[in-house]
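The values are calculated or read from the model by the stated rules, or taken from the named source; none is laboratory data. A quick note: this is a predicted structure, and the numbers were derived from the prediction, not measured. Glycine also receives a Cβ, built like all others from the backbone with ideal geometry; neighbour counts cover every protein chain displayed. Only protein heavy atoms, including side chains, enter the accessible area calculation; ligands, DNA and RNA are left aside. Shrake-Rupley method; radii C 1.70, N 1.55, O 1.52, S 1.80 Å.
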2 protein chains.
Amino acid sequence: MNSQFGERIRTLREKQNLYLRQVAPLLEMDTAQLSKIEKGVRQIKKEQIPILADILKTEKDELLILWLADQLYDVVKDEKLATEAMQVAEKKINLINRKKK
Amino acid sequence: MNSQFGERIRTLREKQNLYLRQVAPLLEMDTAQLSKIEKGVRQIKKEQIPILADILKTEKDELLILWLADQLYDVVKDEKLATEAMQVAEKKINLINRKKK
DNA sequence: GGTATATTTGTCAATACTTGACAAGTCAAT
DNA sequence: ATTGACTTGTCAAGTATTGACAAATATACC
């Protein structure tokens with residue numbers, strides 16, 4: 001389980017019976033790139049997520065959450081203190097969100 | 001509140017009555033760099049954290065957690081779905097940690 | 001005012017990292 | 001052994017980050 005985003009879009013693509021060769025051009029990339037994205041070797045650009053959501057007929061938000069989660073995971077994946085760091089970060093986010101109201 | 005790490009080390013440095021000019025050379029950087037790190041404009045290198053913890057007579061883990069939290073925060077700071085993404089990431093971390101046992 | 005010390009800000013070349021593009025590879029089906 | 005789908009490797013080009021320095025600002029003291 002290397003990339004939740006990648007796994008998800010592969011599942012969705014297969015569900016739609018689409019080949020890499022069909023999807024890649026819509027994102028203006030080659031199949032090699034898209035293959036790597038699905039495998040989690042490379043990251044898709046944030047701006048491409050809505051396009052992909054359309055193609056795969058799924059919610060943009062669902063994909064964005066998974067994509068962000070992958071980025072977050074990347075930061076702390078080998079850290080003993082991952083959970084603690086996440087808690088601190090979360091606290092800060094909640095603080096900011098409260099302010100925005 | 002731009003960088004929890006930066007704020008913390010500034011507080012600690014001041015508590016020790018140290019000047020940037022005194023601390024910076026110990027980290028092999030100039031005061032300008034360290035100033036930016038304290039302000040959260042730039043990031044310190046992970047490997048420098050233990051050195052800094054020694055200088056500031058604090059726990060390496062405390063600083064590392066704050067530093068990681070800053071990196072995490074950076075990923076999702078402008079995201080409506082920040083909290084959701086954090087939850088997904090956390091779930092994955094817990095899953096992996098359980099496996100490691 | 002002027003000087004000194006501490007910190008901050010701006011700039012920019014050097015370095016490091018990521019991406020795009022292509023070629024060559026594997027794998028499965030026929 | 002050919003075809004189609006996908007994967008992997010490589011590397012130049014494009015981006016981003018860092019290190020180093022100069023200059024600016026801030027504060028305190030005389």
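Annotations
- The range A:71-101 - residue that is open to solvent by less than 40 Å² (accessible area, probe 1.4 Å) and of a type in the set (Asp, Glu) and, of those, farthest from B:Asn2 (Cα to Cα): A:Glu79
- Taking every residue in the range A:38-66 that is more than 12 Å from A:Ser3 (Cβ to Cβ) and pairing it with any residue that is basic (Lys, Arg), at least 6 positions away or on another chain, the pairs with Cβ-Cβ distances below 6 Å are A:Pro50/A:Lys60; A:Ala53/A:Lys60.
- Among the residues of the range A:49-101, those identified as closer than 14 Å to B:Lys77 by Cα and charged (D, E, K, R) are A:Glu90, A:Lys91, A:Lys92, A:Arg98, A:Lys99, A:Lys100.
- Residue count for the range A:1-56, restricted to those that are within 10 Å of DNA strand C (Cβ to nearest atom), open to solvent by 20 Å² or more (accessible area, probe 1.4 Å) and hydrophobic (A, V, I, L, M, F, W, C): 3.
- Helices (runs of 4 or more DSSP H) completely within the range A:22-90 that count 1 or more residues being out of contact with any Pro (no Cβ under 6 Å at 6 or more places or on another chain) and more than 14 Å from every other protein chain (Cβ to nearest Cβ): A:31-39, A:48-55
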